[in-house]
1. Counting residues in the chain as N, plug N into 2.2 N^0.38 Å and put the Cα Rg over that result.
2. Give me the number: length gained by fully extending R89 to K130, i.e. 0.36 nm times residue separation minus the C-alpha to C-alpha distance, one decimal in nm.
3. In whole angstrom, note down how far apart the Cα centers of the stretch 15-87 and the stretch 116-133 are.
4. If you take the beta carbon distance between S66 and D121 as r and set R0 to 35 Å, what does 1/(1 + (r/R0)^6) give as a FRET efficiency, to the nearest 0.05?
5. Looking at this model, which pairs from K108/K149; K110/K149; K25/K91; K130/K157 are more than 28 angstrom apart at the alpha-carbon?
6. Kindly state, to the nearest 0.05, the FRET efficiency for Y44 paired with C105, given R0 = 22 Å and r defined as their beta-carbon distance.
Amino acid sequence: MERKSICTNVIMAGFGGQGLMFIGKLLAYCAMKRGLNVTWIPSYGPEMRGGTANCTVVISDQPIGSPVITSPDALIIMNNPSLEAFEPRIKTDGLLFINNNLVTCQIKRKDLQVISVPANDAAVEAGEKKAANMVILGTYVARTGILTKEDVAAGFKEFFGAKTEYLASNMQALEKGMSYA
């Protein structure tokens, strides 16, 4: 029996300072640790915090020909300007993850699978108000099945090393996000 190959890509977009670059890097790192091929391409607006920022992650069990994605399989959207910029690009029947605490614009397309997550509220409930990024990552991971919670926890521990005080609240945020999938 031939096994199905893995190839997925996601664009994560929002304001600078929301931790999208971090979760993109974390996703890529964890997939790499599982033996998958990955690319992570960041893109920053001119401002450091408050400006727009996005990154593209491609994960595959085959060699990746190009990190450039014109029609992503999924979008993680954390603010209105990012929804307006990227909604037209997502492929038909693609997964659109939105932080409904900050995304208030109407979604125009009807050919998408929309997963609406109160990421900011869930992060506060998890004990770390800055962990909305981990909430939405948890939803993405659970919905796509690309990684497990254990994969992300192991990668997070490696990223933060000795700063383990962040681990418990961020893992709670990840689990909360998984429940929205």
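Only the coordinates and a few stated rules stand behind these numbers; no lab work does. On a predicted model such as this, the values are computed, not experimentally measured, just so you know. Counting neighbours? That spans all protein chains shown, and the Cβs are built from the backbone with ideal geometry, glycine included.
1. Taking the Cα Rg and dividing by 2.2 N^0.38 Å, one obtains 0.97.
2. 12.0 nm
3. Centre-to-centre distance over Cα atoms comes out at 19 Å.
4. That gives a FRET efficiency of 0.40.
5. Distance filter (> 28 Å) returns K108/K149; K110/K149.
6. Efficiency, rounded to the nearest 0.05: 0.50.
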